[in-house]
Amino acid sequence: MGVTRDVISVQSSRTVMIMRGVPGLAMPAMDRDINPYPDTAVDFAKIVRAAGLEVEYEDADRSSRTYLAHNAADLWIPVIQVGVDLLVGMSAGLITNMIQRYLDRRKIDQTILHVEYRIVDSDGQVQAIKIDGRGPDVIGALSEFEGKQIERTRSRAVEARSEDEKSDPDHPLN
(Lines give C-alpha, C1' and ligand atoms only; values in the text may rest on other atoms or scores of the structure.)
Protein backbone atom coordinates (compact mmCIF):
# COMPACT_ATOMS: atom_id res chain seq x y z
CA MET A 1 0.00 0.00 0.00
CA GLY A 2 1.14 3.62 -0.49
CA VAL A 3 2.56 6.06 1.97
CA THR A 4 0.32 6.75 4.94
CA ARG A 5 0.50 9.70 7.26
CA ASP A 6 1.10 9.70 10.99
CA VAL A 7 -2.54 10.43 11.67
CA ILE A 8 -2.07 11.99 15.09
CA SER A 9 0.92 14.25 14.50
CA VAL A 10 -0.43 15.62 11.23
CA GLN A 11 -3.49 17.11 12.91
CA SER A 12 -3.38 20.89 12.84
CA SER A 13 -5.97 23.30 14.06
CA ARG A 14 -7.31 23.61 10.48
CA THR A 15 -7.01 20.04 9.16
CA VAL A 16 -9.71 17.44 8.60
CA MET A 17 -8.20 14.00 8.02
CA ILE A 18 -10.08 11.55 5.81
CA MET A 19 -9.20 8.05 6.94
CA ARG A 20 -9.35 4.74 5.07
CA GLY A 21 -12.43 2.64 5.66
CA VAL A 22 -16.15 2.64 5.08
CA PRO A 23 -18.24 3.24 8.24
CA GLY A 24 -20.54 0.38 9.11
CA LEU A 25 -19.06 -1.95 6.52
CA ALA A 26 -16.79 -4.83 7.48
CA MET A 27 -14.41 -5.67 4.67
CA PRO A 28 -14.08 -9.36 3.74
CA ALA A 29 -10.78 -10.89 4.86
CA MET A 30 -9.45 -11.04 1.31
CA ASP A 31 -10.04 -7.31 0.81
CA ARG A 32 -8.55 -5.99 4.07
CA ASP A 33 -5.38 -4.83 2.30
CA ILE A 34 -7.45 -2.59 0.05
CA ASN A 35 -9.54 -0.89 2.78
CA PRO A 36 -11.08 1.71 0.46
CA TYR A 37 -12.59 5.11 1.05
CA PRO A 38 -16.30 5.54 0.34
CA ASP A 39 -16.89 7.24 -3.00
CA THR A 40 -18.36 10.21 -1.10
CA ALA A 41 -14.87 11.13 0.15
CA VAL A 42 -13.98 13.32 -2.83
CA ASP A 43 -17.17 15.41 -2.69
CA PHE A 44 -16.99 15.58 1.11
CA ALA A 45 -13.40 16.88 0.86
CA LYS A 46 -14.59 19.64 -1.49
CA ILE A 47 -17.20 20.75 1.06
CA VAL A 48 -14.59 20.80 3.83
CA ARG A 49 -12.23 22.90 1.68
CA ALA A 50 -15.06 25.27 0.76
CA ALA A 51 -15.50 25.88 4.51
CA GLY A 52 -11.90 27.13 4.62
CA LEU A 53 -10.37 24.02 6.18
CA GLU A 54 -7.51 21.84 5.03
CA VAL A 55 -8.11 18.24 3.98
CA GLU A 56 -5.60 15.43 4.11
CA TYR A 57 -6.12 11.78 3.31
CA GLU A 58 -4.58 8.96 5.31
CA ASP A 59 -2.99 7.83 2.04
CA ALA A 60 -0.73 10.70 1.06
CA ASP A 61 -0.25 9.27 -2.43
CA ARG A 62 -3.42 9.83 -4.45
CA SER A 63 -2.64 6.87 -6.73
CA SER A 64 -2.76 4.44 -3.80
CA ARG A 65 -6.34 5.36 -2.84
CA THR A 66 -9.22 3.12 -3.79
CA TYR A 67 -12.89 4.04 -3.57
CA LEU A 68 -15.97 1.94 -2.98
CA ALA A 69 -19.32 2.96 -4.49
CA HIS A 70 -22.66 1.85 -3.08
CA ASN A 71 -25.84 1.77 -5.11
CA ALA A 72 -28.17 2.37 -2.19
CA ALA A 73 -30.26 5.09 -0.62
CA ASP A 74 -27.90 5.02 2.35
CA LEU A 75 -25.02 7.45 2.57
CA TRP A 76 -21.55 6.46 3.78
CA ILE A 77 -19.68 9.53 5.03
CA PRO A 78 -15.88 9.04 4.92
CA VAL A 79 -14.17 8.24 8.22
CA ILE A 80 -13.27 11.68 9.58
CA GLN A 81 -10.61 12.53 12.15
CA VAL A 82 -9.91 15.99 13.54
CA GLY A 83 -7.85 17.51 16.31
CA VAL A 84 -9.88 18.74 19.25
CA ASP A 85 -8.50 22.28 18.72
CA LEU A 86 -10.35 22.51 15.41
CA LEU A 87 -13.59 21.39 17.03
CA VAL A 88 -13.25 23.82 19.95
CA GLY A 89 -12.30 26.64 17.58
CA MET A 90 -15.47 26.09 15.57
CA SER A 91 -17.67 25.78 18.68
CA ALA A 92 -19.01 22.36 17.66
CA GLY A 93 -21.19 21.53 14.72
CA LEU A 94 -18.18 20.68 12.57
CA ILE A 95 -19.17 17.27 11.23
CA THR A 96 -22.90 17.93 11.41
CA ASN A 97 -22.55 21.14 9.38
CA MET A 98 -20.45 19.33 6.77
CA ILE A 99 -22.99 16.50 6.49
CA GLN A 100 -25.85 18.96 6.18
CA ARG A 101 -23.98 20.81 3.41
CA TYR A 102 -23.32 17.52 1.66
CA LEU A 103 -26.97 16.52 1.89
CA ASP A 104 -28.17 19.91 0.70
CA ARG A 105 -29.58 18.31 -2.42
CA ARG A 106 -31.17 15.42 -0.53
CA LYS A 107 -33.65 15.11 2.27
CA ILE A 108 -31.72 14.35 5.43
CA ASP A 109 -34.71 12.84 7.23
CA GLN A 110 -35.10 10.25 4.48
CA THR A 111 -31.43 9.23 4.41
CA ILE A 112 -29.75 6.45 6.36
CA LEU A 113 -26.29 7.67 7.37
CA HIS A 114 -23.20 5.65 8.24
CA VAL A 115 -20.59 7.71 10.10
CA GLU A 116 -17.32 7.15 11.96
CA TYR A 117 -15.92 10.29 13.55
CA ARG A 118 -12.71 10.56 15.60
CA ILE A 119 -11.44 13.44 17.68
CA VAL A 120 -7.81 13.48 18.80
CA ASP A 121 -6.99 15.45 21.95
CA SER A 122 -3.72 17.22 22.72
CA ASP A 123 -2.38 14.07 24.43
CA GLY A 124 -3.02 11.96 21.32
CA GLN A 125 -6.01 10.17 22.86
CA VAL A 126 -8.71 9.36 20.31
CA GLN A 127 -12.41 9.60 21.14
CA ALA A 128 -14.62 8.04 18.48
CA ILE A 129 -18.24 7.47 17.57
CA LYS A 130 -19.51 4.96 15.03
CA ILE A 131 -23.16 5.37 14.19
CA ASP A 132 -25.64 4.20 11.60
CA GLY A 133 -29.24 5.36 11.40
CA ARG A 134 -31.79 7.86 10.22
CA GLY A 135 -30.32 11.24 9.33
CA PRO A 136 -31.90 13.26 12.16
CA ASP A 137 -30.92 10.64 14.77
CA VAL A 138 -27.33 10.50 13.55
CA ILE A 139 -27.03 14.31 13.39
CA GLY A 140 -28.36 14.55 16.96
CA ALA A 141 -25.91 11.93 18.26
CA LEU A 142 -22.98 13.60 16.48
CA SER A 143 -23.92 17.01 17.93
CA GLU A 144 -24.04 15.51 21.41
CA PHE A 145 -20.68 13.76 20.88
CA GLU A 146 -19.02 17.01 19.74
CA GLY A 147 -20.53 18.92 22.66
CA LYS A 148 -19.18 16.38 25.15
CA GLN A 149 -15.70 16.54 23.60
CA ILE A 150 -15.66 20.34 23.78
CA GLU A 151 -16.82 20.29 27.40
CA ARG A 152 -14.20 17.64 28.25
CA THR A 153 -11.46 19.74 26.64
CA ARG A 154 -12.53 22.92 28.43
CA SER A 155 -12.71 21.10 31.78
CA ARG A 156 -9.21 19.74 31.27
CA ALA A 157 -7.92 23.25 30.47
CA VAL A 158 -9.49 24.65 33.66
CA GLU A 159 -7.98 21.82 35.71
CA ALA A 160 -4.56 22.43 34.17
CA ARG A 161 -4.72 26.16 34.96
CA SER A 162 -5.76 25.37 38.52
CA GLU A 163 -2.79 23.00 38.94
CA ASP A 164 -0.45 25.66 37.50
CA GLU A 165 -1.74 28.22 39.99
CA LYS A 166 -1.28 25.83 42.91
CA SER A 167 2.33 25.15 41.95
CA ASP A 168 3.15 28.84 41.41
CA PRO A 169 4.63 30.20 44.69
CA ASP A 170 4.04 33.76 43.50
CA HIS A 171 0.32 33.25 42.85
CA PRO A 172 -1.79 35.45 45.18
CA LEU A 173 -3.75 32.47 46.55
CA ASN A 174 -0.61 30.61 47.69
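The values are calculated or read from the model by the stated rules, or taken from the named source; none is laboratory data. All figures in this text were calculated on a predicted structure; none of them were measured in a lab. Cβ: placed from backbone, ideal geometry, glycine included. Neighbour counts: every protein chain shown. When the accessible area is computed, the model is the full protein with side chains, heavy atoms only, and any ligands, DNA or RNA have been set aside. Shrake-Rupley method; radii C 1.70, N 1.55, O 1.52, S 1.80 Å.
Brief remarks follow.
- Asn97 paired with Leu25, simple spin-label distance in nm, labels 7 Å along Cα-to-beta-carbon: 2.8 nm
- Difference of contour (0.36 nm per residue) and Cα-Cα distance, Lys107 to Ala72: 11.1 nm
- Region 65-118, accessible surface, carbon-and-sulfur percent (1.4 angstrom probe): 43 percent
- Within region 36-129: Cβ-based charge dipole about Cα centre, in debye rounded to nearest 20 (Lys, Arg +1; Asp, Glu -1): 440 debye
- Built amide H within the under 5 Å cut-off of His70, gap 5+: Asp39
- Amide H contacts of Glu54 (H built 1.01 Å from N, under 5 Å, at least 5 apart or other chain): Thr15, Val16
- Residue-level accessible surface for Ser13, protein heavy atoms, 1.4 Å, Å²: 70 Å²
- Ordering of 58-65, 73-80, 113-120 by packing [mean C-beta count within 10 Å, highest first]: 113-120, 73-80, 58-65
- Each principal axis of region 109-163 carries a Cα extent, and these read 49, 18, 8 Å when sorted largest first.
- A simple rule links phi to the HN-Hα coupling: the Karplus curve 6.51 cos²θ - 1.76 cosθ + 1.60 with θ = phi - 60°, which for region 139-150 gives 4, x, 5, 5, 4, 5, 4, 4, x, 5, 5, 5 Hz, with x for Gly and Pro.
- In sequence order, region 66-78 has phi-based couplings of 10, 10, 10, 9, 10, 9, 8, 6, 5, 10, 9, 7, x Hz under the Karplus curve 6.51 cos²θ - 1.76 cosθ + 1.60, θ = phi - 60°, and Gly or Pro positions carry x.
- Tensor-based shape of region 60-113 (alpha-carbon gyration tensor, a/c under 1.5 rounded, otherwise prolate or oblate): oblate
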